[in-house]
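Taken together, the values in this text are just the output of simple stated rules run on the coordinates, not laboratory data. Please read these numbers as outputs of a predicted model, since none were measured by experiment. Ideal geometry is used to build each Cβ from the backbone, glycine not excepted, and the neighbour counts take in all protein chains shown.
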Amino acid sequence: MLQRTARVERNTLETQITVSVNLDGTGQCKLDTGVPFLEHMIDQVARHGLIDIEIVAKGDLHIDAHHTVEDTGITLGQALAQAWGDKKGIRRYGHAYVPLDEALSRVVIDLSGRPGLQMDVEYTRASIGGFDVDLFGEFFQGLVNHAMMTLHIDNLKGKNAHHQAETIFKAFGRALRVAVERDERMAGVMPSTKGSL
C-alpha cells in the first residue's frame, strides 16, 4: 500500500521550519518549536488524528511567536497536502465534536481543494501560559491556505480558555483522521463529481 508521507522545509528570513507527516501513523509526535503551548496543541492533533507529526522550527521568538506559529501552520498544511496526494479513495469530509469538562468544540473539514476558514471562537482570556490566543487563527489560516481545505471551527461552549483550545485541536485531529481515511468502496475514485479536487 502506498505510503502517505511527506517532508517539507520552509526557510525565510523569519523562520526555518521542517515538517514531516505520516497520515497512516500511530499518533507519534516530535516537536521542537520553542513555543510550548503550540506544541501541546499539535500533539493533540497527532494523538487524536493518528497522524505521525515531526516539526523542528527556529523562529524570531525574540520578537514574538507570531511568525513561528503562522509559518508552522503553513508548512504543516503543505506537508499534509503532499501526503494525501490526488485524494483518490479518501473520505474527503470529516467532522468531530470533542468535550473537555465544561468546554465543547465542533470541527468540520472538507478537503475541497479550496482554502476557507470559518472560525467562531470567543476565548475567555487573551493569553494561555503566555501564548496569545489570536495566534491560533493565524496557525489555522496558514494551514488551510496551503492544505487547500475548507475548515469550520466552532467552540460551542467553554469557560476555561485552555479547555477551549484543547477541544478545538483534539476535534481537528479527529476530523482530519476521518477525512483522510481510505474508503475501500472508493478505491481509486475521486470523491467529487467534478473529477478533481
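Structure notes:
- Amide H partners (placed H, <5 Å) of residue 31, local residues excluded: 55
- Charge dipole (debye, nearest 20) of region 5-186; +1 at Cβ of Lys and Arg, -1 at Cβ of Asp and Glu: 720
- Around residue 179: net Lys/Arg minus Asp/Glu count, Cβ-Cβ under 13 Å: +4
- Net charge of neighbours whose Cβ lies under 11 Å from the Cβ of residue 102, counting Lys and Arg as +1 and Asp and Glu as -1: +1
- Packing-based ranking, highest mean first, of 82-93, 115-126, 186-197, 165-176 given that Cβ atoms within 10 Å are counted: 165-176, 82-93, 115-126, 186-197
- Shape of region 5-186, Cα gyration tensor, a/c cut at 1.5: oblate
- Around residue 12: net Lys/Arg minus Asp/Glu count, Cβ-Cβ under 14 Å: -3
- Bridge orientation summary for the chain: considering DSSP beta bridges with both residues in this region, about 80 percent are antiparallel.
- Modelled spin labels at residue 2 and residue 24, positioned 7 Å past Cα toward Cβ, are 1.1 nm from each other.
- Here each label is just a point 7 Å from Cα along the line to Cβ, and for residue 125 and residue 154 those points are 2.8 nm apart.
- Counting beta carbons within 10 Å around each of 102, 184 and listing the fewest first gives the order 184, 102.
- Taking 22, 145, 160 as the candidate residues, the one with maximal mean-square fluctuation in a Gaussian network model of the chain, Cα springs under 10 Å, is 160.
- Charged side chains reduced to their Cβ positions (Lys and Arg at +1, Asp and Glu at -1) give region 1-58 a dipole of some 100 debye around its Cα centre.
- In order along region 86-103, the Karplus-derived 3J(HN,Hα) couplings, from 6.51 cos²θ - 1.76 cosθ + 1.60 at θ = phi - 60°, round to 7, 6, 4, x, 9, 6, 6, 9, x, 8, 7, 10, 9, x, 8, 6, 7, 9 Hz, and Gly and Pro are given as x.
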